[in-house]
1. Can you tell which of 16, 64 is acidic (Asp, Glu) and modelled with pLDDT under 95?
2. Contact list please: Cβ distance under 8 Å, first residue in the range 49-73 and at negative phi and assigned to a helix (DSSP H, G or I), second residue of a type outside the set (Phe, Trp, Tyr) and surrounded by 12 or more Cβ atoms within 10 Å (Cβ to Cβ), pairs at least six apart or on different chains.
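The values are calculated or read from the model by the stated rules, or taken from the named source; none is laboratory data. Since this is a predicted model, take the numbers as computed values, not measurements. Don't worry about glycine lacking a Cβ; one is built from the backbone with ideal geometry, like all the others, and counts go over all protein chains shown.
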Amino acid sequence: MSLTLEKTDCVKCTSELAGLESHSTAGAPRWLRSGIWALADQGLFSGANFIANVLLADLLTPVEYGAFTVAFTTFLFLGTIH
């Protein structure tokens, strides 16, 4: 008993495998899954920053919060220069 493969069999098999590699088991493409994690990370960071600033504005005097804001803005600005 011998097995023979036709060229059309290989092309069909290759195209099926290419379709399977581009999708995850959940049906979402890999770039979409990584994009969702990036959005979740950015949302978590922005939300935590917002809550921290609201708490600081409530706990500090206006002069102290202003000094913090200037210092933090300077820190962020210098971080973009590197």
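1. Working: 64 fails: modelled with pLDDT under 95.
Testing whether each residue is acidic (Asp, Glu) and modelled with pLDDT under 95 leaves just 16.
2. 65/56; 65/57; 68/56; 68/60
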